[in-house]
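Working notes for the structure below.
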């Protein structure tokens, strides 16, 4: 018998598996995404800080989102004027949701590749990127290797900015020696910041 003295817990909170675009052309639009292991959208508060940092660099930028997930970072960049986003996502249901959301937004500026980020980066660059988002599942811990490959194979435009999000202080990550961690903050258990590639090796 179910007691009516208190409400049952909400097993499916209304905002679960949705992400809100914060600013720009698609401000306040809500995007749906499916459940997937390790999928953890960048919190609103963190994204707002990040794109305040990027506000003078994002318009017209060529962006690379190595672990697209919900698309929170890539779609936010497009909403704020990025010229295009190349997004990598391996999980088929998540990739399908990204395609659907791009269609709902009427955007053809998202190039979605269903490939592993480390494998895709491990070849000579086919394009230069101005802004790169490196936000793997925290348990993955592949930040350092991604950064190494970005540098080694010349994926970065001169003065490119690399966004890092991790479950540990960014100062503990082994970044390429030519890079400088220019900004970093913490929000709860999320550590995030920007690194600048001060010298690019082709």
Could you tell me whether the range 35-49 includes any residue that is in contact (Cβ under 8 Å) with a residue 60 or more places away in the chain, in contact with a helix residue (DSSP H, G or I) (Cβ under 6 Å, 6 or more places away or on another chain) and either surrounded by fewer than 16 Cβ atoms within 10 Å (Cβ to Cβ) or part of a loop (DSSP other than H, G, I, E, B) (or both)? yes
Can you find, within the range 82-94, the residue that is surrounded by the most Cβ atoms within 10 Å (Cβ to Cβ) among those that are part of a helix (DSSP H, G or I) and in contact (Cβ under 8 Å) with a residue 24 or more places away in the chain? 94
With respect to the numbered conditions (1) touching a strand residue (DSSP E or B) at 6+ places or on another chain (Cβ under 7 Å); (2) assigned to a loop (DSSP other than H, G, I, E, B); (3) surrounded by fewer than 16 Cβ atoms within 10 Å (Cβ to Cβ), which one is the sole condition not fulfilled by residue 70? (3)
Please find, within the range 130-152, the residue that is nearest to the chain's Cα centre (by Cα) out of those that are assigned to a loop (DSSP other than H, G, I, E, B) and closer than 15 Å to residue 175 by Cα. 135
Candidate set: the range 145-201, residues that are in contact (Cβ under 8 Å) with a residue 60 or more places away in the chain and within 28 Å of residue 124 (Cβ to Cβ); chosen: the one surrounded by the fewest Cβ atoms within 10 Å (Cβ to Cβ): 157
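Each value in this text was obtained by applying a stated rule to the coordinates, not by laboratory testing. Model, not experiment: these values are computed from the prediction. Here the Cβ is made from the backbone with ideal geometry for all residues, glycine too, and neighbour counts use every protein chain on show.
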